[in-house]
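J.: Okay, handing you the structure first.
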Amino acid sequence: MQIEFTLNEIIEDLQAIEPKILEYEKKYKLLSPYFYKLYQAGKLEENWDFQNWAGLYEIKLDRESEYKSKFKEVIIDLPLIDTIEHDELVNF
């Protein structure tokens, strides 16, 4: 069973995770999407840094997916100058 997070919790998690992910990217000079593909393919040695980085990146991907599913809730309260069509929302 997956836990439902509020929009505030999702944003807080993303903001807390980002600096940690950036540290690993800087340390290894590798952006997370590229690292994660190598990690998932078993091309990297097993070590604590890589396990932690992969875990943080998976949480980030999960929270971004949750945010995207709740995006409609976000834009309802925004002071838009024009309406946004459903097709436009899909591309965000």
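The values are calculated or read from the model by the stated rules, or taken from the named source; none is laboratory data. Computed from a predicted structure; not experimentally measured. Every residue, glycine as well, gets a Cβ built from its backbone with ideal geometry; the counts of neighbours run over all protein chains shown.
J.: In the range 1-55, how many residues are aromatic (Phe, Trp, Tyr) and under 13 Å from the mean Cα position of the chain (by Cα)?
T.: Total meeting the criteria: 2.
J.: Same structure again: Search the range 2-20 for residues that are closer than 14 Å to SER69 by Cα and exposed (fewer than 11 other Cβ atoms within 10 Å of the Cβ) and pair each with any residue that is at pLDDT below 90 and aromatic (Phe, Trp, Tyr) when their beta-carbon atoms are under 6 Å apart and the residues are at least 6 apart or on different chains.
T.: none
J.: Now for a different question. Do you know which of the residues in the range 31-51 that are surrounded by fewer than 16 Cβ atoms within 10 Å (Cβ to Cβ) and among the hydrophobic types (A, V, I, L, M, F, W, C) is nearest to PHE71 (Cα to Cα)?
T.: Selected residue: LEU31.
J.: So which residues in the range 52-87 are exposed (fewer than 11 other Cβ atoms within 10 Å of the Cβ) and either outside any helix (DSSP H, G or I) or modelled with pLDDT under 70 (or both), if there are any at all?
T.: Passing the criteria: ASP77, LEU78, PRO79, LEU80, ILE81, ASP82, THR83, GLU85, HIS86, ASP87.
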